[in-house]
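The structure appears right after this line, and notes come after that.
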Amino acid sequence: MKDSERPIGIFDSGLGGLTVFKAVRRLMPSENIIYFGDTARVPYGTKSKNAVISFSKEIAALLSARGVKLLIVACNTASSLALEEVRKVSKAPVIGVIEPGARAAAAATVNKRILVAGTTATVLSGAYGRALKKLDPGLLVREKACPLFVPLVEEGWCGKKITELVAAEYLAPFKKQRFDTMILGCTHYPLLKKVIGRVLGRGVRLVDSAEAAAFEARAALVSRDLLNPGYGGKIRFIASDAPEKFRILARRLLGIKTGRVEVKRF
Ligand code: DGL
């Protein structure tokens with residue numbers, strides 16, 4: 001197999017990273033992809049740094065052994081807490097979602113006021129704030145944990161009134177603070193774009209770190225001459241538990257037909 005034909009590895013704590021998978025697939029339909037969802041240990045957003053590091057390293061080693069040419073850490077929590085450790089065990093170059101999302105937000109803001117929403121672990125890590133300040137120390141950044149968003153999305157309740165109420169509870173207090181850009185700093189939040197947009201109003205640009213990461217992945221492959229020139233990339237899904245639930249939710253929440261989902265238990 002030529003190097004360019006080797007798959008891109010994408011991993012997440014569960015199925016939320018399928019938002020990144022979709023963005024990658026849209027941008028590079030000829031790429032072979034292996035997607036790993038750690039459904040046995042989801043959620044990562046409420047776990048300790050040590051736990052997230054050890055889970056992420058295990059998955060990176062597994063995907064390395066399967067010969068991926070690029071590894072995308074689709075999970076914002078794992079990207080915030082474990083990226084450097086993942087780089088130590090991965091044979092392939094590693095891309096997280098924090099820096100691409102931060103770059104897209106820094107480019108989008110006009111008034112230099114950026115709001116970041118994420119899991120509790122992502123927000124506590126301050127990773128987005130650091131990445132943004134590195135790009136432009138003049139940015140004003142506020143980070144807000146929105147832990148109820150993940151279960152609401154997984155319940156399939158993106159369009160329900162209760163989700164709008166929760167979004168308003170978390171985000172309405174920021175309305176008066178003139179943020180013109182918000183980072184959807186969690187895999188699940190792109191699925192809440194409409195609700196969040198309604199709560200914050202039209203003046204706030206919502207930056208999707210999934211899309212930004214896909215662009216970064218393509219640039220990484222182009223710079224290494226690793227883009228797969230063929231057609232119709234092959235996809236393989238692996239879950240660490242409950243493959244049937246993964247298959248059903250992928251279809252219901254994201255319209256993805258996974259076919260057979262392989263199980264790999266740790
Ligand atoms: N994938 C996680 C993230 O993007 C959300 C779900 C979880 O907490 O594991 O932060």
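The numbers here are math on the coordinates, done by the rules we state, and not lab data. Because the structure is predicted, anything quoted here is derived from the model rather than measured. Here Cβ is always computed from backbone atoms with ideal geometry, including for glycine, and neighbour counts include all displayed protein chains.
With the charge dipole of the chain set up from +1 on Lys and Arg Cβ and -1 on Asp and Glu Cβ about the Cα centre, the Cα lying farthest toward the positive end among the listed residues Phe179, Val153, Leu221 is that of Phe179. Over 29 Å between C-alpha atoms is what I'm after, so list which of Lys22/Lys160; Lys88/Lys134; Lys91/Lys193; Lys22/Lys194; Lys47/Lys88; Lys134/Lys176 land there. In this structure, Lys91/Lys193 exceed 29 Å between Cα atoms.
Across segment 218-226, computed HN-Hα scalar couplings (Karplus, 6.51 cos²θ - 1.76 cosθ + 1.60, θ = phi - 60°) run 5, 4, 5, 6, 4, 5, 9, 6, 10 Hz from first to last residue, x flagging Gly and Pro.
Remark: Asp38, Asp3 ranked as Asp3, Asp38, counting other beta-carbon atoms within 10 Å and listing the fewest first.
Between segment 105-120 and segment 32-52, what is the separation of their alpha carbon centroids in Å? Going from one Cα centre to the other spans 25 Å. Once backbone amide H atoms are built at 1.01 Å from N, Gly233 has Ser30, Glu31 as its partners under 5 Å, excluding neighbours fewer than 5 places away on the same chain. For the chain, adding -39500 (n - 2.57) for each run of n ≥ 4 DSSP H residues and dividing by the number of residues yields -13500 deg cm²/dmol at 222 nm.
Couplings 3J(HN,Hα) of segment 249-263, computed from phi: 5, 4, 6, 5, 8, 10, x, 9, 8, 7, x, 5, 10, 6, 10 Hz, in residue order, whole Hz [Karplus 6.51 cos²θ - 1.76 cosθ + 1.60, θ = phi - 60°; x for Gly and Pro]. Across the chain, C-alpha contacts under 8 Å between residues 6 or more apart give a mean separation that, scaled by the residue count, equals a relative contact order of 26 percent.
Residue-wise HN-Hα couplings along segment 129-144, as the Karplus relation 6.51 cos²θ - 1.76 cosθ + 1.60 with θ = phi - 60° gives them from phi, are x, 4, 5, 5, 5, 5, 6, 7, x, x, 6, 9, 10, 10, 10, 10 Hz; Gly and Pro carry x. Here segment 49-81 is scanned for amide nitrogen atoms under 11 Å from the site 7 Å beyond the Cα of Lys234 along Cα-to-Cβ, giving none. When only alpha carbons are used to place a centre, segment 243-260 and segment 194-233 end up 21 Å from one another.
Between Lys144 and Val116, Ala117, Gly118, the built amide H atoms are under 5 Å apart, and every one of these is 5 or more places off in sequence or on another chain.
Ordering Met28, Met182 by the number of other Cβ atoms within 10 Å of each residue's own Cβ, fewest first, gives Met28, Met182. Here r is the Cβ-Cβ distance between Lys133 and Leu165 and R0 is 30 Å; the resulting FRET efficiency, rounded to 0.05, is 0.35.
Dipole check for the chain: with +1 at the C-beta of Lys and Arg, -1 at the C-beta of Asp and Glu, and the Cα centre as origin, the magnitude is about 360 Debye. Within the shell of other residues whose beta carbon sits under 14 angstrom from the beta carbon of Ala51, the net charge comes to +1, with Lys and Arg scored +1 and Asp and Glu -1.
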